[in-house]
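The values are calculated or read from the model by the stated rules, or taken from the named source; none is laboratory data. As the structure is a computational prediction, the values presented were derived from the model and not from experiment. We place every Cβ from the backbone using ideal geometry, glycine too, and count neighbours over all the protein chains shown.
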């Protein structure tokens, strides 16, 4: 009897995982964002969602994590470069941009998304994604190679996916999801 139950469960679980991957792929196809599926399927929490609203929330959480991770990395890399060096000055600009982005995403964008103000949430996520551009520009202005290029790209990708999913909520309100 126990063996039958275990076998039944083991055949159901892959079907659920496939359905979740299908939901993510179908939803992402509506955004026309080439990075959407890759960003979301890299996060195990995305597999637990069943609505566009929840998927947008998971994507927003990924953007918050990217901004927070960037802040931690900036602190680590700042210890390698002293103040007054071109890299140190650029990292200081990055630090401010990512600090603001993390706060905007974690507090304001979450609140806007939760209250159904999708336009404000989208605007906040777009603005927070600009932290990567600010950081890129700081290194370009310092005329040194960016030690943040990979982190900046991750932030851009995650914010664009979150923004695009939130924009779907504007086009197709949650009652239609």
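A few notes on this one:
- Number of the condition not met by residue 123 [criteria: (1) touching a helix residue (DSSP H, G or I) at 6+ places or on another chain (Cβ under 7 Å); (2) within 21 Å of residue 35 (Cβ to Cβ); (3) modelled with pLDDT of 95 or more]: (1)
- Scanning the range 156-172 for residues that are out of contact with any helix residue (DSSP H, G or I) (no Cβ under 6 Å at 6 or more places or on another chain) and surrounded by 24 or more Cβ atoms within 10 Å (Cβ to Cβ) yields a count of 0.
- Qualifying residue in the range 70-93 (condition: under 25 Å from residue 30 (Cβ atoms), part of a helix (DSSP H, G or I) and touching a residue at least 40 places away in the same chain (Cβ under 8 Å)): no
- Scope the range 144-177; condition farther than 18 Å from residue 92 by Cα, over 12 Å from the mean Cα position of the chain (by Cα) and part of a helix (DSSP H, G or I); matching residues: 167, 168, 169, 170, 171, 174, 175, 176
- Residue count for the range 24-66 satisfying the condition of being crowded, with 16+ Cβ neighbours inside 10 Å, in a helix (DSSP H, G or I) and under 13 Å from the mean Cα position of the chain (by Cα): 17.
- Within the option set 131, 141, being assigned to a helix (DSSP H, G or I), touching a helix residue (DSSP H, G or I) at 6+ places or on another chain (Cβ under 9 Å), within 18 Å of residue 159 (Cβ to Cβ) and modelled with pLDDT of 95 or more holds for one residue only, 131.
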